[in-house]
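Beneath this line is the structure, given in structure tokens, with notes to follow.
The values are calculated or read from the model by the stated rules, or taken from the named source; none is laboratory data. Because the structure is predicted, anything quoted here is derived from the model rather than measured. No Cβ is skipped: glycine too gets one built from the backbone with ideal geometry, and neighbour counts run over all protein chains shown.
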Amino acid sequence: MSLISLLPVGKVGRALLVPLSEGLAQRLRTACSIQSAGLNVDFAFNPARRQYHSTEILKKLLDGRAPEAAKVLAVTELDLYIPVLTFVFGEAHLEDGRAVVSTHRLRQEFYGLPSHPALLAARLLKESLHELGHTYGLRHCADYRCVMSSSNAVERIDLKEAEFCPNCQPAVGLGSNW
């Protein structure tokens, strides 16, 4: 059985991590644990951009993986970027089990709107499934409803389902009867 280890980064609380863990476990049909110790990512901060370089965070994630975990997903509220993009919702390494997601731009408050905890939880689950899908070797999917479709705005995330399409399911070990 594969195990996904959730690693808090920054001030992400159990109120977000527990439902995320349950949603991932259910959809990926695997155990999911929440690590008690987080990861300090001050080293990844870019003062000129006032953001955190997600690739640098990924490099450190193997140190934070639970010994029994096949995958590690860092979850943060910090604003992430890669040099060629203004921001990213998350990033993953294909097939090596490391991924990071951020709630920063998933929150309604970022867009000047009232807090919506249920919408935040849904977006976080979709983006976490997306990044973990990359760790199973999946690339972006052309089906806009598939969780593996590319998202450059929250509106695109909201269109997705929190599921893998029939073409993507086999890569994550889900049968066609899913």
Go through the stretch 71-84 residue by residue and tally those that are surrounded by fewer than 24 Cβ atoms within 10 Å (Cβ to Cβ) and either in contact with a Pro (Cβ under 9 Å, 6 or more places away or on another chain) or free of Cβ contacts under 8 Å to residues at least 40 places away in the same chain (or both).
-> 5
How about the stretch 29-59: which of its residues are buried (at least 17 other Cβ atoms within 10 Å of the Cβ) and not β-branched (Val, Ile, Thr)?
-> CYS32, GLN35, LEU39, ALA44, GLN51, TYR52, HIS53, SER54, LEU58
The lone exception for GLU161 - which of (1) among the acidic types (Asp, Glu); (2) surrounded by 18 or more Cβ atoms within 10 Å (Cβ to Cβ); (3) over 27 Å from PHE45 (Cβ atoms) it fails | (2)
Collect the residues in the stretch 9-55 that are at positive phi and out of contact with any strand residue (DSSP E or B) (no Cβ under 8 Å at 6 or more places or on another chain), keeping them in residue-number order.
-> ARG29, ARG50
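Please enumerate the residues belonging to the stretch 144-158 that are crowded, with 16+ Cβ neighbours inside 10 Å and either of a type in the set (Lys, Arg) or part of a loop (DSSP other than H, G, I, E, B) (or both). Don't jump to the end; show me each part of the working.
Of all residues in the stretch 144-158, those crowded, with 16+ Cβ neighbours inside 10 Å come to 146-149, 151, 154, 157.
Answer for the stretch 144-158, where residues must be crowded, with 16+ Cβ neighbours inside 10 Å and either of a type in the set (Lys, Arg) or part of a loop (DSSP other than H, G, I, E, B) (or both): CYS146, VAL147, MET148, SER149, SER151.
Restricting to the stretch 118-133, give me the number of residues that are without any contact (Cβ under 8 Å) to a residue 60 or more places away in the chain and farther than 16 Å from LEU28 by Cβ. Break it down into steps so the answer makes sense when it comes.
We begin by selecting, within the stretch 118-133, every residue without any contact (Cβ under 8 Å) to a residue 60 or more places away in the chain; these are 118-119, 122-123, 126-127, 130-131, 133.
Narrowing further to those that are farther than 16 Å from LEU28 by Cβ: 118-119, 122-123.
Summing the residues that are without any contact (Cβ under 8 Å) to a residue 60 or more places away in the chain and farther than 16 Å from LEU28 by Cβ in the stretch 118-133 gives 4.
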Hey, among the residues in the stretch 58-89 that are part of a helix (DSSP H, G or I) and more than 20 Å from LYS126 (Cβ to Cβ), which one's modelled with the highest pLDDT?
-> LYS59
Give me a count of the residues in the stretch 97-127 that are crowded, with 16+ Cβ neighbours inside 10 Å and modelled with pLDDT of 95 or more.
-> 18
State whether the residues of the stretch 128-141 include one that is surrounded by fewer than 20 Cβ atoms within 10 Å (Cβ to Cβ), touching a Leu at 6+ places or on another chain (Cβ under 7 Å), farther than 27 Å from ASP42 by Cα and not β-branched (Val, Ile, Thr).
-> yes
Could you give every pair whose Cβ atoms fall below 9 Å, whose first residue belongs to the stretch 3-21 and is of a type in the set (Lys, Arg), and whose second residue is surrounded by 23 or more Cβ atoms within 10 Å (Cβ to Cβ), counting only separations of at least 6 or pairs across chains?
-> LYS11/THR76
Exception for PHE87 within (1) aromatic (Phe, Trp, Tyr); (2) surrounded by 17 or more Cβ atoms within 10 Å (Cβ to Cβ); (3) touching a strand residue (DSSP E or B) at 6+ places or on another chain (Cβ under 7 Å) falls at (2)
Could you tell me which numbered condition GLN26 fails, if it satisfies all but one of (1) closer than 26 Å to CYS168 by Cα; (2) surrounded by 14 or more Cβ atoms within 10 Å (Cβ to Cβ); (3) of a type outside the set (Asp, Glu)?
-> (2)
Out of the stretch 129-143, which residues are touching a Phe, Trp or Tyr at 6+ places or on another chain (Cβ under 9 Å) and either charged (D, E, K, R) or assigned to a helix (DSSP H, G or I) (or both)?
-> LEU129, HIS130, GLU131, GLY133
